[in-house]
Amino acid sequence: MERNDIKKTSSETAQIPVYKQSAEYAIEHDELPVYRESFRVNMACRDVLEAAIHENYHDYCLDTGKAAAQVAAQFGMERMAYVLANTVRAFDHDGRISRDNKAWAQTVPVCTDTDEWGHERSRYFLVSQVNPGLVDLLVSRVREELAKEKDAPEKRPSVLEKIQKNKAAIQAKTAEKKLPGQER
């Protein structure tokens, strides 16, 4: 498989859900096209992750915020986290990846998906063309962003918005109560 075999726009790519089941499961449930599309997008995400790390690493410093934002804009946080967690799990033996990131990767559900020869298919979308220490830095940043998303309260309407809605509702009710020919 080629490394750049996806030709979709960013918005289309971000809309493709992460398929978290094995190929065998996909075959049994007639979901093979969905599995294949998700697999291709995972590999494209890997390529963009590697490129983002290369582009944002200057003078022995990685701009993790910019790199994460580039990838998230194209693939979404869920897919980026999935690909990175898969990578960290595969490099569990590497001391350049922190214990915290290794523990986090174990919490992200990644299915075992072996082919007929016993090879793990998820190895195709490992972020392996960059230094694992840089991957670790990016994973730390992604974990921070995920925590912010999780802890951020949902946008609640302001008091002013509530008052304006109530005022509009009251005006609508009074307009309904007016009978034709009656004046105030």
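The values are calculated or read from the model by the stated rules, or taken from the named source; none is laboratory data. Keep in mind that what you see is a predicted model, and the values were worked out from it rather than measured. Quick reminder, even Gly has a Cβ in these numbers, built from the backbone with ideal geometry, and neighbours come from all protein chains shown. These area figures cover heavy atoms from the full protein model, side chains too; ligands, DNA and RNA do not enter into them. Shrake-Rupley method; radii C 1.70, N 1.55, O 1.52, S 1.80 Å.
Before moving on, here are some points about what is shown:
- Cβ-Cβ under 7 Å pairs, at least 6 apart or on other chains, the stretch 55-70 side under 17 Å from Val142 (Cβ atoms), far side open to solvent by 60 Å² or more (accessible area, probe 1.4 Å) and among the basic types (Lys, Arg): Asn56/Lys66; Thr64/Arg141; Gly65/Arg141; Ala68/Arg141
- Of the residues making up the stretch 18-69, those that are closer than 25 Å to Asp113 by Cβ and among the charged types (D, E, K, R) are Lys20, Glu24, Glu28, Asp30, Glu31, Arg36, Glu37, Arg40, Arg46, Asp47, Glu50.
- Filter result (touching a residue at least 24 places away in the same chain (Cβ under 8 Å), open to solvent by 40 Å² or more (accessible area, probe 1.4 Å) and not polar (S, T, N, Q)) within the stretch 71-103: Ala73, Glu78, Phe91, Arg96, Asp100
- Pairs where the first residue, in the stretch 16-42, is outside any helix (DSSP H, G or I) and the second is surrounded by fewer than 19 Cβ atoms within 10 Å (Cβ to Cβ), C-beta under 7 Å, 6+ apart: Ile16/Glu37; Val18/Glu78; Tyr19/Val34; Lys20/Pro109; Lys20/Cys111; Gln21/Cys111; Ser22/Cys111; Ser22/Thr112
- Taking the conditions (1) farther than 19 Å from Ala147 by Cα; (2) at pLDDT below 95; (3) open to solvent by less than 70 Å² (accessible area, probe 1.4 Å) in turn, Gly133 satisfies each one other than (2).
- Per-region count, the stretch 32-44, residues open to solvent by 60 Å² or more (accessible area, probe 1.4 Å) and in contact with a helix residue (DSSP H, G or I) (Cβ under 9 Å, 6 or more places away or on another chain): 3
- In this structure, Ser122 does not qualify as outside any helix (DSSP H, G or I), out of contact with any strand residue (DSSP E or B) (no Cβ under 9 Å at 6 or more places or on another chain) and of a type in the set (S, T, N, Q).
- Residue in the stretch 45-63 that is within 15 Å of Pro132 (Cβ to Cβ) and open to solvent by 30 Å² or more (accessible area, probe 1.4 Å) present: yes
- Sole residue being in contact with a Cys (Cβ under 7 Å, 6 or more places away or on another chain) and more than 16 Å from Asp136 (Cβ to Cβ), chosen from Arg79, Arg40: Arg79
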